[in-house]
Amino acid sequence: MLIDKKHIGMKVPPHSVHLTAWQLKWFAKATGETNPIYFDEAAAQKAGLPGVLAPPTFFFCMDMDKEHPFDYLETMGCDLMKMLHGEQSFTYHQPVYSGDVLDFDGEITDIYDKRNGALQFVVKDVKVRRQGELVCDVRSVMVIRA
Amino acid sequence: MTKPNYEALNVGDSLPSFTTEPVSRLTLALYATGSGDHHPLHLDQDFVRANGMPDVFAHGMLGMAYLGRLLTQWVPQDAIRSFGVRFTAITQIGERMVCTGKVVEKLEQDGEKRVRLELTCANEQGEAKHKGDAVVALA
């Protein structure tokens with residue numbers, strides 16, 4: 001079944017994230033990060049940063065930090081067991097740090113298929129803002145297999 | 001860290017590469033904690049087998065995080081203008097990830113000197129798992 005293209009333009013329920021040093025410490029450990037500005041508050045302060053620095057891909061984790069991160073696919077009637085992560089990209093405007101509160105505002109910007117519908121692609125574009133200022137654009141492309 | 005210099009760089013130049021430890025079940029458990037992604041496909045072998053697959057496999061975003069480290073070991077993070085990947089293959093337990101990058105274009109954009117990079121995260125046999133690109137600003 002092809003996803004109805006009427007969903008292009010659908011807003012994703014917005015959410016906010018309070019970024020903590022605790023979470024970044026575990027992310028750094030998991031990814032083998034050795035630069036302490038990514039996990040140690042004292043080191044970050046010494047480097048002149050307002051908090052522990054969130055690494056480049058952490059915006060994705062925060063975008064997923066909600067009760068039902070794929071609510072938009074469920075709304076479209078997709079089977080989440082048939083979902084794959086196809087592409088991910090970020091455009092950066094400002095770094096973000098532990099202590100920041102970030103607002104995530106997403107929209108479905110494209111739906112298309114390949115191989116006669118065997119693979120369907122759902123593109124979500126999210127604007128991340130801190131106190132109204134745009135800090136990052138996050139684009140996720142999820143693939144739904146037939 | 002010696003910052004790379006725009007004038008000194010040439011198209012085709014490589015970034016300092018690295019190879020990770022083998023991806024283990026512990027790696028995936030830690031990544032689940034760090035990322036908040038506790039999907040059973042990456043953690044629960046009973047669940048995975050019940051769905052007809054042989055074993056758990058790595059989060060795609062783990063490999064992208066490794067490529068992010070490739071970038072931030074090369075330039076300060078605030079020099080990164082954009083960064084994207086396509087997930088082309090699944091990373092299995094036990095595979096080491098080989099992260100490489102090279103300069104593919106020098107450009108002046110928005111009043112800045114920038115380079116476009118091509119990034120690859122592959123296993124040791126050379127099978128690409130993620131293919132990406134990034135644009136970074138250089139002095």
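Each value in this text was obtained by applying a stated rule to the coordinates, not by laboratory testing. Since the structure is predicted, the reported quantities are computational estimates derived from the model, not experimental observations. Glycine also receives a Cβ, built like all others from the backbone with ideal geometry; neighbour counts cover every protein chain displayed.
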At q = 0.16, 0.19, 0.21 1/Å the base-10 log of I(q)/I(0) from the Debye formula over the alpha-carbon atoms of chain A is -0.86, -1.08, -1.23
Shape call for the protein assembly as shown, from the Cα gyration tensor axes a ≥ b ≥ c (a/c under 1.5 means rounded, otherwise prolate when a/b beats b/c, else oblate), comes out rounded
In whole angstrom, the spacing between the Cα centers of the range A:14-38 and the range B:1-71 equals 15
Simple spin-label estimate for B:S17/A:A43, 7 Å along Cα→Cβ, in nm, reads 2.6
In whole Hz, the Karplus estimates of ³J(HN,Hα) for the range A:57-71 (6.51, -1.76, 1.60; θ = phi - 60°; x where Gly or Pro) are 8, 5, 4, 5, 4, 5, 5, 7, 7, 8, 4, 10, x, 10, 3
Karplus-derived 3J(HN,Hα) from phi for the range B:55-69 (6.51 cos²θ - 1.76 cosθ + 1.60, θ = phi - 60°), whole Hz, x at Gly and Pro, runs 7, 5, 9, 5, 4, x, 5, 5, x, 5, 5, 4, 5, x, 5
Amide H neighbours of A:T109 at under 5 Å, excluding residues fewer than 5 places away on the same chain, with H built from the backbone geometry, are A:G9, A:V123, A:K124, A:D125
Once the in-chain neighbours fewer than 8 apart are removed, the lysines whose Cα is under 22 Å from A:K46 read A:K25, A:K29, B:K3
With label points set 7 Å from each Cα along the Cα-to-Cβ direction at B:E7 and A:K29, the distance between them in nm comes to 4.6
Residues whose modelled amide H sits under 5 Å from the amide H of B:S82, counting only those 5 or more places away in sequence or on another chain, are A:Y92, B:V135
Of the range A:116-146, those with amide N under 15 Å from the point 7 Å along the Cα→Cβ vector of B:Q109 are A:137
Asserting the computed 222 nm helical MRE of the protein assembly as shown (DSSP H runs at least 4 long, -39500 (n - 2.57) per run, divided by residue count, to nearest 500) equals -5500 deg cm²/dmol
Rounded to the nearest 10 degrees, the helix A:21-31 long axis (Cα) sits at an angle to the longest Cα principal axis of chain A of 70
So, relative contact order of the range B:100-139 in percent, Cα under 8 Å, 6 or more apart, is 37
Partner shielding of A:55-65, as the mean number of partner chain Cβ atoms within 10 Å, equals 5
Calc'd 3J(HN,Hα), the range B:19-25, phi into Karplus 6.51 cos²θ - 1.76 cosθ + 1.60 (θ = phi - 60°), Hz, glycine/Pro = x, comes to 10, 7, 5, x, 5, 10, 4
About its Cα centre, chain A carries a charge dipole, from +1 on Lys and Arg Cβ atoms and -1 on Asp and Glu Cβ atoms, whose size in debye to the nearest 20 is 300
Here FRET efficiency (C-beta to C-beta, A:E133 to B:D46, R₀ 45 Å, nearest 0.05) is 0.50
For A:K114, counting only lysines whose alpha-carbon sits under 23 Å away and dropping same-chain residues fewer than eight positions off, the answer is A:K5, A:K6, A:K82, A:K124, B:K129, B:K131
